[in-house]
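Participant: I am attaching a structure below and will ask some questions about it afterwards.
The values are calculated or read from the model by the stated rules, or taken from the named source; none is laboratory data. If you're wondering where the values come from, they're calculated on a predicted model, not measured in any experiment. Don't worry about glycine lacking a Cβ; one is built from the backbone with ideal geometry, like all the others, and counts go over all protein chains shown. With ligands, DNA and RNA removed, areas are computed over all heavy atoms of the protein, side chains included. Shrake-Rupley method; radii C 1.70, N 1.55, O 1.52, S 1.80 Å.
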Amino acid sequence: MTAGPTHSSAAVDRQPPAAERARTVAVCCAATLHVAGTGSCSVLAATTTADGDVLLVVPTGGGVMTALRGSPLGDVPARLTVADRAPFPLRHPVRGLVQLTGWLVPVEEPDVPQLVLDFADSSPADVLFEVGLGAALVRLDLAEVELEESGTRAEVDPDDFRAARPDAVSAAETELVSAHRVPLGRLCTRVQHWAGRHDDVRLLGLDRFGVRFRVQGRDGCYDLRVPFAEALDGVDGFATAVDHLVSCGPA
């Protein structure tokens, strides 16, 4: 599985730092897990908490817990891959991938209640009610973080990843698109005029730095960003920022 189109994205000066983008992708729900010596293992839910803890909920009788019980060191090397899938109809729906590599360790029993709450604050999931019953909570101690999107890869320092915060505009993307469908549609039309009538322009996503579009042609596709005049601190300034983009040039 690869992220985004086969062509590199258009170069832009104003875009989220790689660590912030990686943290934004890391809270998505689509995750797969590979454990060294075991292979692909079932993961019921995964997230990165506000404190930067990478937590997973796994079956108590699954491959992860079996590997941990058999490990003389009490941990196992693993790689968690989290995919950011666009909620819009696109030829390539995966907008980004984050690969988190490190060592899986069981969460100590006294720490479970608080970390379950931290998990729920980041990514609510019904399976959290099963922790301690048919599911177990484990933590991934990070060694490497890699972000892949729009045909490019970036290494992210694990400390920078833990210190970054997910993008608030991206988190509210579905609600913002619904509430601002008309101005976003006008902006898409402008991008379509720029790209040419033979290319298909689709909304790709929102973040606090701007609006992203996917331009799909007969020979491939690429992503581009229409940047806001200034990066937003949250969702409150989104409507004004989009209105400025729509009104700052000819229709």
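Participant: State the answer as a single residue: which of Leu90, Ala143, Pro166 lies farthest towards the positive end of the charge dipole of the chain, with beta carbon charges of +1 for Lys and Arg and -1 for Asp and Glu, about the Cα centre.
Facilitator: Leu90
Participant: While we're on this one: Compute the angle between helix 238-247 and the longest alpha-carbon principal axis of the chain, please, reported from 0 to 90 degrees and rounded to the nearest 10.
Facilitator: Taking Cα atoms only, the helix is inclined about 30 degrees.
Participant: Okay, helix-only estimate at 222 nm for the chain: each DSSP H run of n ≥ 4 adds -39500 (n - 2.57), divide by all residues, round to 500 deg cm²/dmol; what do you get?
Facilitator: Mean residue ellipticity, 222 nm, calculated: -7500 deg cm²/dmol.
Participant: Can you give the accessible area of Glu173, probe radius 1.4 Å, in Å² rounded to 10?
Facilitator: 10
Participant: Ser42 accessible area, nearest 10 Å², 1.4 Å probe?
Facilitator: 70
Participant: Now for a different question. Using only the alpha-carbon atoms, how far is helix 112-122 inclined from the longest principal axis of the chain? Give it as 0 to 90 degrees, nearest 10.
Facilitator: The helix 112-122 is inclined about 10 degrees to the chain.
Participant: Could you state, as a whole-number percent, how many of the C-alpha pairs of segment 41-117 are farther apart than 17 Å? Provide the component values of the computation, followed by the final result.
Facilitator: Details: 1595 of 2926 pairs.
For segment 41-117, the share of Cα pairs beyond 17 Å comes to 55 percent.
Participant: How compact is segment 1-150 by the rule of thumb for globular proteins, expressed as Cα Rg over 2.2 N^0.38 Å?
Facilitator: Details: Rg = 16.0 Å, N = 150, 2.2 N^0.38 = 14.8 Å.
It is 1.08.
Participant: Given a 10 angstrom Cα cut-off, can you work out which residue in Gln114, Gln15, Gln192 is the most mobile in a GNM of the chain?
Facilitator: Gln114
Participant: Ranked from the most accessible area to the least, with a 1.4 Å probe and all protein chains present, what is the order of Arg21, Arg202?
Facilitator: These residues rank, largest area first, as Arg202, Arg21.
Participant: Given Cβ point charges of +1 (Lys, Arg) and -1 (Asp, Glu) and nothing else, what value in debye, to the nearest 20, does the dipole of segment 58-129 about its Cα centre take?
Facilitator: Approximately 580 debye in magnitude.
Participant: Write down the Kirkwood hydrodynamic radius of the chain, to one decimal in angstroms, obtained as one divided by the mean of 1/r over all alpha carbon pairs. Kindly include the intermediate steps, with their values, before the conclusion.
Facilitator: Values: mean 1/r = 0.0517 Å⁻¹.
Final number for the Kirkwood radius of the chain is 19.3 Å.
Participant: Based on a Kirkwood Rh over C-alpha pairs, give the Stokes-Einstein translational diffusion coefficient of segment 69-167 at 20 °C and viscosity 1.002 mPa s in µm²/s.
Facilitator: Details: Rh = 15.7 Å.
For the chosen part, D equals 136 µm²/s.
Participant: Ok, one more. Please list, in chain and number order, the residues 5+ apart from Ser150 or on another chain whose amide H is under 5 Å from its amide H, with Hs placed from the backbone.
Facilitator: Here Gly4 satisfy the definition.
Participant: Something else now. Hey, if we sort His193, His180 by accessible area with the 1.4 Å probe, largest down, what's the order?
Facilitator: Per-residue accessible area, sorted high to low, gives His193, His180.
Participant: In addition: Share of Cα-Cα pairs in segment 92-138 beyond 16 Å, in percent? Present the calculation step by step, with values, prior to reporting the outcome.
Facilitator: Details: 558 of 1081 pairs.
That fraction is 52 percent.
Participant: Mean 1/r over all different Cα pairs, inverted: what Kirkwood radius does segment 150-190 give, in Å?
Facilitator: This gives a value of 13.1 Å.
Participant: Further, regarding this structure: Quick one: 3J(HN,Hα) in Hz for segment 46-59, Karplus 6.51/-1.76/1.60 with θ = phi - 60°, rounded, Gly and Pro as x.
Facilitator: 8, 7, 10, 6, 4, 7, x, 7, 8, 10, 10, 9, 10, x
Participant: Does anyone have the angle between helix 181-195 and the longest principal axis of the chain? Alpha-carbon axes, 0 to 90°, nearest 10?
Facilitator: 70
Participant: Under 10 Å, Cα contacts only: if you run a Gaussian network model on the chain, which one of Thr152, Thr48, Thr240 comes out with the highest mean-square fluctuation?
Facilitator: Thr240
Participant: Which value does Rg/Rh take for segment 201-251 over its C-alpha atoms, Rh per Kirkwood?
Facilitator: In segment 201-251, Rg relative to Rh is 1.04.
Participant: Another question, if that's okay. Could you compute how fast segment 178-226 diffuses translationally, taking Rh as the Kirkwood radius over C-alpha pairs and applying Stokes-Einstein at 4 °C with viscosity 1.567 mPa s? Give it in µm² per second.
Facilitator: Stokes-Einstein gives a translational diffusion coefficient of 117 µm²/s.
Participant: Got a sec? Charge dipole of the chain, +1 on Cβ for Lys and Arg, -1 for Asp and Glu; which of Gln114, Gly210, Leu56 is way out at the positive end?
Facilitator: Sorting the options by dipole projection puts first Gly210.
Participant: Still on this structure, I have one more. Can you work out ³J(HN,Hα) from phi for every residue in segment 124-131, in order, using Karplus 6.51 cos²θ - 1.76 cosθ + 1.60 and θ = phi - 60°, giving whole Hz and x for Gly and Pro?
Facilitator: x, 8, 4, 5, 4, 5, 8, 4
Participant: If N is the number of residues in segment 133-250, what value comes out of its Cα radius of gyration divided by 2.2 N^0.38 Å?
Facilitator: It is 1.31.
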